[in-house]
1. Under unit Cβ charges (Lys, Arg +1; Asp, Glu -1), what dipole magnitude, rounded to 20 debye, does the chain have relative to its Cα centre?
2. Any idea what angle helix 209-218 forms with the longest principal axis of the chain, computed on alpha-carbon atoms, 0 to 90 degrees, nearest 10?
3. Taking the inverse of the average 1/r across all pairs of different Cα atoms in segment 155-194, what Kirkwood radius in Å do you get?
4. How do the peptides 380-389, 136-145 rank, highest first, by the average count of neighbouring beta carbon atoms within 10 Å per residue?
5. Under Stokes-Einstein, with the Kirkwood radius over Cα pairs standing in for Rh, what whole-number D in µm²/s applies to segment 250-321 at 25 °C and 0.890 mPa s?
6. Would you grab the residues whose amide H sits under 5 Å from the one on residue 355? Only those 5+ places off in sequence or on another chain, please, with H modelled 1.01 Å from N.
7. At each listed q (0.06, 0.08, 0.13 Å⁻¹), what is the log10 of I(q)/I(0) that the Debye formula gives for the chain modelled as equal alpha-carbon point scatterers?
8. Need one value: the accessible area of residue 310 in square angstrom, 1.4 angstrom probe, rounded to the nearest 10.
Amino acid sequence: MNPAATPLPTDHAPRGRHLPAEAIRSRFSQAMSQLYRAEVPQYGTLLSLVAAVNAQVLREQPDVLAGPAEAARLEVERHGAIRLGTAEELHTMRRVFAVMGMQPVGYYDLSVAGVPVHSTAFRPVDPAALAANPFRVFTSLLRLDLIEDPALRQLARDTLARRRIFTPQALALTTRWETAGGLDEAEAEAFVQEVLNTFRWHRSATVTQPEYQRLSAAHRLLADVVCFPGPHINHLTPRTLDIDAAQAEMQRRGLPAKEVIEGPPRRQVPILLRQTSFKALNEPVRFAGDSGDGAHTARFGEIEQRGLALTRAGRALYDTLLQRARQAGPGALAQVFTEFPDDLDALRRAGLGFFQYRLKPGLPSTAWAGVNPDAEVHTLVDQGLVQALPITYEDFLPVSAAGIFQSNLAGDAAVRYDAQAAQAEFEQALGCPVHDEFALYEAEQAASIATLREQLRRGAAA
């Protein structure tokens, strides 16, 4: 990687106050958005149409978001995706994202859907940090063990071993954050610019054209991971409040949108995650040596709509219905999912979704007189004393992610792998366990109930 290096602050320079991780994460996500807009102009079109759709939804449903903080979050919310080639790259990426307050959440085995990677999502895990900026990066690691041809597997391994995806300055600043406990203003700005270089598109491939063609023939994603100097970001995703309207608007504006929206069907109460994209661009490539020029297809534009986070029971029901719909064939999804409750109260009572519980605002102090602080939370909601606010799903769906990948990797729809999930190996490369997403939502819901009960006790004692 040869971009101009950002000068490092000298060790004897006076140190300022450390910037919070939220500030560094916000700067990086904004810089990433500017970079991707410059590299993929259609991304700017995507942002404008999502903004228009969201504005229309907010005019028609002014209460769809839970206040100004949610609206502010919506404006900046993005998720990106990268694909790494080696355990060392994944381990270092974890250290880099830690500087931005992003931790690995969830393990996703995409091999079951014909994509030779397994993945996690780096994101904030604290509700307050998510509210400040919920930037996420879906990060995949190539599984070379799934490549059947030994010679091709060795070519990929040797090619990846020669590359260095992080600049020396990025590594030095990451180490400084780890040893000093933070970065000051100048260091944080240098860190953002240096790490941004890892995500840039590089037109020059690291392999010859025949080598690229061999790797591409095995799997297009294999070529995307192996053949370039770094893990160029392959999409950056804004969040919409109505993905069906956004899909229609993409088609109206002439963007080559996917035919099918991934995830659950359209509902009154959105659940989990729905995603769509415009198809990947053909981008010019110069191959190594004198092997000529060509084109590569990998980077695309994606839109997502996020809904209610489901409990373990809710997710089990979702997975069962999704499997039944897939077995029934195209067009069965909406009919099959009529079995999934589509009302917030019903979802709450059935224990299918996660909620934050808060005292209902605007009630007189006398409303709490005689209330049992330990009463069942659903009873308090029924009495009109407490409001249940749905917790937003912050994570991903492996089948949906694979569907997006496959739709932008033409020619690989028939690839199948007889593979087992390899979470232990993934976590060994990562250098730590991934967070259990359900445990995070359970903790958030439990914390809200504990706060609620303490407020009720204080009110009863007043």
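The values are calculated or read from the model by the stated rules, or taken from the named source; none is laboratory data. On a predicted model such as this, the values are computed, not experimentally measured, just so you know. Please note: Cβ atoms are built from the backbone with ideal geometry, for glycine as well, and neighbour counts cover all protein chains shown. All accessible areas refer to the heavy atoms of the entire protein, side chains included, with ligands and DNA or RNA removed. Shrake-Rupley method; radii C 1.70, N 1.55, O 1.52, S 1.80 Å.
1. Computed charge dipole of the chain: roughly 480 debye.
2. 40 degrees
3. 11.4 Å
4. So the order, starting with the most tightly packed, is 136-145, 380-389.
5. 161 µm²/s
6. 391
7. At q = 0.06, 0.08, 0.13 Å⁻¹ the computed log10 ratios are -0.29, -0.51, -1.28.
8. Ignoring ligands and nucleic acids, residue 310 comes out at about 0 Å².
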